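One structure below.
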Amino acid sequence: MRQTQRSWRRVVAATVTMAAAAACLASGTSSADAVEPEAMAANDYCSAGGITDVVDRTNDVSGGGWMNCVSPAQFQRLWVTLYRDGVPMDSAVCERPSSYACDAYVRAYDDAPGAQTWQTEVRAEWQSGMPGNVTVWTNTLLH
């Protein structure tokens, strides 16, 4: 049963990553600017990932992050911060007790002239039988 739960959660994590990639490709974003979800495993218990992308038909840029665990962590905390040219523009936090997953999303209006460099930082922390943390920087987007 436990192996089946782990396999199922890995399928869910892969599906979330593929859905994010498909959303970017459907939005007309070039593959060079789109998805490079740099998911990083930490001690085989939880993993985290994120993405930076342009919101369709607006001048908004979004940053999102997620974490997935193989079994419910006693506590999960996820910070997502969207940066423009190295300056934090917006941030969000997800906190959940006894959960398999946590996600957060932020959005900022890009009104600066010229191309700006956007990137999202995702920090994940969990308490469980195997406590840990991981920090992931997403793809860089010029917009």
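What does the charge count near residue 81 come to, summing +1 for each Lys or Arg and -1 for each Asp or Glu among other residues with Cβ under 9 Å from its Cβ? Could you put the intermediate results ahead of the total?
Working: positive: 123; negative: 90, 121.
So the environment of residue 81 carries a net charge of -1.
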Practice task
Sticking with the crude label model, points 7 Å out along Cα→Cβ, report the distance from residue 56 to residue 87 in nm, one decimal please.
Solution key: 3.1 nm
Fill in the blank from the handout: Computed curve, the range 63-112, Cα-only Debye sum without solvent term, log₁₀ I(q)/I(0) at 0.15 Å⁻¹, is -0.45
Exercise for the section: Please give the peptides 108-117, 121-130 ranked by average Cβ packing (other Cβ atoms within 10 Å per residue), highest first, as a rough proxy for protection. Expected result: 121-130, 108-117
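Taken together, the values in this text are just the output of simple stated rules run on the coordinates, not laboratory data. Note that this is a predicted model, so its numbers are computed, not measured. When we count neighbours, we look across all protein chains shown, and the Cβ atoms used for this are built from the backbone with ideal geometry, even at glycine.
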